[in-house]
Amino acid sequence: MDNNKCCVIIGGSHGGVNVAFSLRKEGWEGKIVVVDKDPNLPYQRPPLSKTYLTVKDESGYIPLKGEQAYTNEGIELLLGQEVTKVDKSTQSVELNDGTVISYDFLVLATGASPIIPPIKGIDKAKHLFVMRNIQDVKGIQAALESGVQKVAIVGGGYIGLETAASLRKLGLEVIVFEREQQLLPKVKANVLSEFLLELHQNNGVQIELQSSVSEIKNECQIQTIITSEGKAFECDMIIMGVGVYVNQTISNQLELDYNNGITVNAYCQTSAENIYAVGDCNTHYNAIYDQSIRLESVQNAVDQAKIVAKSITGTSEEYNSLPWFWSDQYDVKLQIAGLTIDADNHIIRKEDEKKWSIWFFKGDQIRSVYAINNAKAYVVGMKLIQQNAKLDKEKLVDLNEKLSPKTLLIQNEINV
Amino acid sequence: MAKITFITKDQESIVVEGTAGSVMELAVQNNVKGIDGDCGGVCSCATCHVQVDPASADKLGEASEIEQDMLELDDDANEYSRLCCQLQVTEALDGVVLNVVK
Ligand SMILES: Cc1cc2nc3c(=O)[nH]c(=O)nc-3n(C[C@H](O)[C@H](O)[C@H](O)COP(=O)(O)OP(=O)(O)OC[C@H]3O[C@@H](n4cnc5c(N)ncnc54)[C@H](O)[C@@H]3O)c2cc1C
Ligand code: FES
């Protein structure tokens, strides 16, 4: 391997850091430079909304790799530095301090950024936060120290709900606004939305469905959220959890194809040969579901990182992973195998009120499993989806039947 | 303080000392190859799979139901398999030897 070559990775999070370490694993001997504007040693992002909010000191943050690991593997980390310019013709990136670094391979692992909707009065909002990095968590914690009591969360998706659960743990008053008529509006089974609605209400969260925030008023030291239905709610802090967008500054400078994310092929290669994109920032084709998608998950970032490293080092392998995801709220552990995008029916298996699972099908073919406090269902689901299996639905709902790939497969499908 | 030995797939032996947190975090901090901890230690990814050396197996308690179920994701799991994010570093673990599976 040519050790004079340099691979520059923009973004040092789940995607970028894993590309760096995977490159070494694949035998890349050249230089590796990882640049991230976040000054912290790269850390696990999912706990931001789960446990980090409830821990006081930095030792609670889980690093992706120990600091020494970067030195040992010869990975140069440039933290607290932003790539401001990229030039395809000279194959170089420029940092905010003016440093120019030349690359042979460039990896975009720039992730996504929280959307801040143009709500009337938002520019004057007090204690307004998003939830994407450690600075956000520290900002929220500092505001809580200053006496904030009532928090409004805009958006009833995973991040909004996990944040609500964490803040309730800290004893705050929490109200969640969701524009659609159910929580987790993207999920195709409203039983889950209803279950979570009850869970949060039982834990003291006020939930306002079909409520889109139209204005934030700040008058006489009082902050009020007004919904388009005309209702008014006081709050001291506002956390926006209404989704993310992919920043296009860099991909535009590189004139890369873009479609909701940076378009990549099965090797996570962009429309420019020596430029790759991983994780939240790319749109890729998923063969299992026969669709182009953009995913926001650790699994996707990590698995794609391995594909990029293989491709750069010349042992190309196509990205073909089954997506998985998880969410923790109070004592509920939700584990998701696969996607529901092409599912047309679902059934529920209920061990008890707290332990159950939703099985999504396209016809009889299993496509996704949402397991609630039920790791077994998740694991069996992962295996069956990977096999493209058709399941015996009667057995699936029959609690006398064990949850195992063998019992659930339609008999004549075995060994086919 | 507990002294924990990891033996990686390429037979490298790494001895580390820890006082708190999970064994997965300790392994990641010390760059033990094969322990990724992709889910941050919430028993959702099975990328922290180890097999306890039978001679030191009695130092560990029982795996929880969810840990046992998650282990089934890995075809290489056996009776000594554990997800080390579920093992807390305590004095009781002192001297334990863990074989990294991946
Ligand atoms: C609160 C929260 C909870 C989550 N929970 C889960 C969960 O439970 N399970 C799950 O699977 N996923 C979860 N996710 C999603 C998961 O964290 C992301 O999918 C994952 O982090 C994507 O990794 P990435 O490397 O693609 O992008 P990111 O993690 O977004 O990282 C991109 C990095 O690029 C840097 N960057 C961007 N532009 C530049 C530039 N120009 N110069 C320098 N640096 C730059 C950013 O600072 C950032 O560090 C959660 C995300 C959040 C925010
Ligand atoms: S770190 Fe994910 S299961 Fe242990």
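Just so you know, all these numbers are worked out from the coordinates, no wet-lab data involved. In this text, all values refer to a predicted model and were calculated from it rather than measured experimentally. Quick reminder, even Gly has a Cβ in these numbers, built from the backbone with ideal geometry, and neighbours come from all protein chains shown.
Any idea which residue in the range B:47-69 is nearest to B:Thr8 (Cα to Cα), counting only those that are of a type in the set (A, V, I, L, M, F, W, C) and in contact with a Cys (Cβ under 9 Å, 6 or more places away or on another chain)? Steps first, please.
First pass over the range B:47-69, keeping only residues of a type in the set (A, V, I, L, M, F, W, C): B:48, B:50, B:52, B:55, B:57, B:60, B:63, B:66.
Next, only the ones that are in contact with a Cys (Cβ under 9 Å, 6 or more places away or on another chain) stay: B:48, B:50, B:66.
Values: B:Cys48: 12, B:Val50: 9, B:Ile66: 25 Å.
Here the answer is B:Val50.
Do we find that A:Lys217 is of a type in the set (Lys, Arg), loosely packed, with under 13 Cβ neighbours inside 10 Å and more than 24 Å from the chain's Cα centre (by Cα) in this structure?
On the way: of a type in the set (Lys, Arg): yes; loosely packed, with under 13 Cβ neighbours inside 10 Å: no; more than 24 Å from the chain's Cα centre (by Cα): yes.
Answer is no for this residue.
Hey, could you check the range A:388-407 for residues that are out of contact with any Asp or Glu (no Cβ under 8 Å at 6 or more places or on another chain) and outside any loop (DSSP other than H, G, I, E, B) and say which is nearest to A:Ala287 (Cα to Cα)?
From the range A:388-407, those out of contact with any Asp or Glu (no Cβ under 8 Å at 6 or more places or on another chain) are A:388, A:392, A:394, A:396-398, A:400-406; that's our starting set.
From what's left, outside any loop (DSSP other than H, G, I, E, B): A:394, A:396-397, A:405-406.
Details: A:Glu394: 29, A:Leu396: 26, A:Val397: 29, A:Pro405: 22, A:Lys406: 25 Å.
It comes out as A:Pro405.
Does A:Thr313 qualify as being away from ligand 1 (no atom under 13 Å from the Cβ) and out of contact with any Leu (no Cβ under 6 Å at 6 or more places or on another chain)? Give the derivation first.
Details: away from ligand 1 (no atom under 13 Å from the Cβ): yes; out of contact with any Leu (no Cβ under 6 Å at 6 or more places or on another chain): yes.
For A:Thr313, the condition - away from ligand 1 (no atom under 13 Å from the Cβ) and out of contact with any Leu (no Cβ under 6 Å at 6 or more places or on another chain) - is met.
Could you pull out every one of the strands (runs of 3 or more DSSP E) wholly within the range A:229-286 that has 3 or more residues that are touching a Lys or Arg at 6+ places or on another chain (Cβ under 8 Å)?
Numbers: elements: A:232-234, A:237-240, A:275-277, A:282-286.
The qualifying strands (runs of 3 or more DSSP E) are A:282-286.
Please enumerate the residues belonging to the range A:9-40 that are in a loop (DSSP other than H, G, I, E, B) and closer than 21 Å to A:Ser327 by Cβ. Step through it out loud before you land on a result.
Just the residues of the range A:9-40 that are in a loop (DSSP other than H, G, I, E, B), to begin with: A:11-13, A:26-30, A:37-40.
Matches in the range A:9-40: A:Ser13 only.
Any idea which of (1) within 30 Å of A:Lys5 (Cβ to Cβ); (2) within 16 Å of ligand 2 (Cβ to nearest atom) is the one A:Val308 doesn't satisfy?
Looking at each condition in turn, A:Val308 falls short on (2).
Would you check which residues across the range A:318-330 are surrounded by fewer than 21 Cβ atoms within 10 Å (Cβ to Cβ), away from chain B (no Cβ under 12 Å) and touching a residue at least 40 places away in the same chain (Cβ under 8 Å) and list them?
A:Glu318, A:Asn320, A:Tyr330
Among (1) free of Cβ contacts under 8 Å to residues at least 24 places away in the same chain; (2) of a type in the set (S, T, N, Q); (3) within 11 Å of ligand 1 (Cβ to nearest atom), which single condition is A:Thr71 missing?
Failed condition: (3).
Going by what's in this entry, would B:Ala57 be described as in contact (Cβ under 8 Å) with a residue 12 or more places away in the chain and surrounded by fewer than 21 Cβ atoms within 10 Å (Cβ to Cβ)? Spell out how you get there, then give the answer.
Details: in contact (Cβ under 8 Å) with a residue 12 or more places away in the chain: yes; surrounded by fewer than 21 Cβ atoms within 10 Å (Cβ to Cβ): yes.
When the stated conditions are applied, B:Ala57 passes them.
What tally of residues in the range A:41-87 results from selecting those that are of a type in the set (D, E, K, R), in contact with an Asp or Glu (Cβ under 9 Å, 6 or more places away or on another chain) and not in a loop (DSSP other than H, G, I, E, B)?
Applying the first criterion (of a type in the set (D, E, K, R)) to the range A:41-87 yields A:45, A:50, A:56-58, A:65, A:67, A:73, A:76, A:82, A:85, A:87.
Narrowing the set further to residues that are in contact with an Asp or Glu (Cβ under 9 Å, 6 or more places away or on another chain) leaves A:50, A:65, A:82, A:85, A:87.
Imposing the further condition that a residue be not in a loop (DSSP other than H, G, I, E, B) reduces the set to A:50, A:85, A:87.
So the count comes out to 3.
Picking from A:Ile101, A:Ile62, which residue would you name as being within 14 Å of chain B (Cβ to nearest Cβ) and surrounded by 15 or more Cβ atoms within 10 Å (Cβ to Cβ)? Let's see the steps before the verdict.
Details: A:Ile101 fails: within 14 Å of chain B (Cβ to nearest Cβ).
Unique residue meeting the criteria: A:Ile62.
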